[in-house]
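Student: Sharing a structure with you now.
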Amino acid sequence: MMTIRIVCIALMVLIQPYGWYSALFAAGAIFLPYVAVVMANVGDDVHEQERIAPEFALSEKPDVAAAAPEPGPTVIRLQETRAIDPRAGDRE
């Protein structure tokens, strides 16, 4: 539709002498963007999508390898220490 609009604008400017057809081309150039936007927004949204139960997405047998925990520590511990002032030396 935008190609048709560009053609309407070009014909409106280029065809001489101006007359009723120039007004027709101007109307096409003005109203075609509105029609294009309305048609794009309507699109294929009229069909409602079918709902699928989430149970069908689950496999019947769980994957044992994926369920096994990884070896090693699972907890990360952070300990804070007292900051040592390099100017104080070993006065403690």
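Student: Compute, for Thr74, the solvent-accessible surface of its heavy atoms (probe 1.4 Å) with the complete set of protein chains present, and express it in square angstrom to the nearest 10.
Tutor: 120
Student: Here is a further query. At 1.4 Å probe size, with no ligands or nucleic acids counted, give the accessible surface of Leu24 in Å², nearest ten.
Tutor: That residue has around 110 Å² of solvent-accessible surface.
Student: Just subtract the alpha-carbon distance of Phe56 and Ile4 from 0.36 nm times their residue separation and send over the number in nm, one decimal.
Tutor: 13.9 nm
Student: Next question. Taking only C-alpha pairs under 8 Å that are 6+ residues apart, what is the relative contact order of region 1-45 in percent?
Tutor: Answer for region 1-45 is 45 percent.
Student: Then there is this: Rank these by accessible area, largest first, 1.4 Å probe: Glu80, Glu55, Glu50.
Tutor: Glu80, Glu50, Glu55
The values are calculated or read from the model by the stated rules, or taken from the named source; none is laboratory data. The model shown is predicted, which means the values in this text are computed figures rather than measured ones. In case anyone asks, the SASA skips ligands and DNA or RNA and just uses the protein heavy atoms, side chains included. Shrake-Rupley method; radii C 1.70, N 1.55, O 1.52, S 1.80 Å.
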